[in-house]
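Student: So that we are looking at the same thing, I have put the structure below in structure tokens.
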Amino acid sequence: MGDILISASGSIGRTVVYQGEDEYFQDSNIVWLKHDNRLDNKFLKQFYSIVKWQGLEGSTIKRLYNKNILDTDISIPSTIEQNKIGMFFNN
């Protein structure tokens, strides 16, 4: 449950799972990934923390845009396998 937040500027690709708690986020530097429950957050968090982003823009500070995320292919295993992968890397 929850959504994935990805840093979109500076330290690109740092991820956290957002569970709906009251928090402060600087929206312009965060991409918020809302999805249905067919995807396991631990799996997505691991995937997005190692993905090699293509087409990043910016000369001094690189920026990640929605297009970068939407253009990134991801192989999605079964929910059970996603959970196993996420748990393995979570430890």
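The values are calculated or read from the model by the stated rules, or taken from the named source; none is laboratory data. It should be emphasised that the depicted structure is a prediction, and the values quoted were computed from it without experimental measurement. Cβ atoms come from the backbone with ideal geometry, glycine included; neighbour counts cover every protein chain shown.
Student: I need the full set of residues from segment 3-16 which are in contact with a Gly (Cβ under 7 Å, 6 or more places away or on another chain) and either among the small types (G, A, S) or at pLDDT below 80 (or both), in order please.
Tutor: At the first step, the residues of segment 3-16 found to be in contact with a Gly (Cβ under 7 Å, 6 or more places away or on another chain) are 6-7.
Scanning segment 3-16 gives a single hit, S7.
Student: Sort out which residues of segment 31-70 are of a type in the set (A, V, I, L, M, F, W, C) and over 10 Å from the mean Cα position of the chain (by Cα), and write them in order of number. Outline the logic, then answer.
Tutor: Initial filter on segment 31-70 (of a type in the set (A, V, I, L, M, F, W, C)): 31-33, 39, 43-44, 47, 50-51, 53, 56, 61, 64, 69-70.
Answer for segment 31-70, where residues must be of a type in the set (A, V, I, L, M, F, W, C) and over 10 Å from the mean Cα position of the chain (by Cα): L39, W53, L56, I61, L64, L70.
Student: Shifting gears a bit: With (1) at pLDDT below 80; (2) surrounded by 13 or more Cβ atoms within 10 Å (Cβ to Cβ); (3) among the β-branched types (V, I, T) as the list, and T60 as the residue in question, which single condition is left unmet?
Tutor: In the conditions (1) at pLDDT below 80; (2) surrounded by 13 or more Cβ atoms within 10 Å (Cβ to Cβ); (3) among the β-branched types (V, I, T), T60 misses (2) alone.
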